[in-house]
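The values are calculated or read from the model by the stated rules, or taken from the named source; none is laboratory data. Worth saying up front: this structure is predicted, and the values here are computed from it rather than measured. Cβ coordinates were reconstructed from backbone atoms using ideal geometry, including for glycine residues, and neighbour counts include every protein chain displayed. SASA here: full protein model, heavy atoms, side chains in, ligands and nucleic acids out. Shrake-Rupley method; radii C 1.70, N 1.55, O 1.52, S 1.80 Å.
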Amino acid sequence: QVQLVESGGGLVQAGGSLRLSCAASGTIFSLNAMGWYRQGPGKQRELVAGITRAGSTNYTDSVKARFTISRDTAKNTVYLQMNSLKPEDTAVYYCNAEVQGYRKLIYYWGQGTQVTVSS
């Protein structure tokens, strides 16, 4: 069993910043990657940013140059620094973890944290 605990969401004005955190706990043999997804009002859940075990990162085009994903591997924690926030960034942000199980990958999700950006 793996649990993901998210924090850092809130209400911020356009142009402001927030830092999201997600800590994975429980029995984890091999954590391959962690990332952030978001789901805006009436929209599909989309990938925002991800980071692999090796440290490679990727971002969706709409957040490049504004968001930065980082990790603390010892703590199984991932962060998302969100700068220059825009109203269109408003969404529930979900933490995701990819764990290597026996001959399969297992995905875990946090409960989500609300980010609201006012204009």
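Data overview
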| read-out | value |
| --- | --- |
| Top of L47, L11, L80 by mean-square fluctuation, Gaussian network on the chain, Cα under 10 Å | L11 |
| Under Karplus coefficients 6.51, -1.76 and 1.60, residue-wise ³J(HN,Hα) of segment 40-52 in Hz, glycine/proline x | x, x, x, 10, 6, 5, 10, 6, 9, 7, x, 9, 8 |
| Positive-pole candidate from T116, S30, V63, dipole of segment 28-119, charges at beta carbon | S30 |
| Segment 1-112, relative contact order [Cα under 8 Å, separation at least 6], % | 34 |
| Within the chain: Cβ-based charge dipole about Cα centre, in debye rounded to nearest 20 (Lys, Arg +1; Asp, Glu -1) | 200 |
| D72 - accessible surface, heavy atoms, 1.4 Å probe, Å² rounded to 10 | 50 |
| Karplus 3J(HN,Hα) series, Hz, for segment 93-98 with 6.51 cos²θ - 1.76 cosθ + 1.60 (x for Gly, Pro) | 9, 10, 7, 10, 10, 10 |
| Nearest-10 value in Å² for the accessible area of T57, using the 1.4 Å probe | 70 |
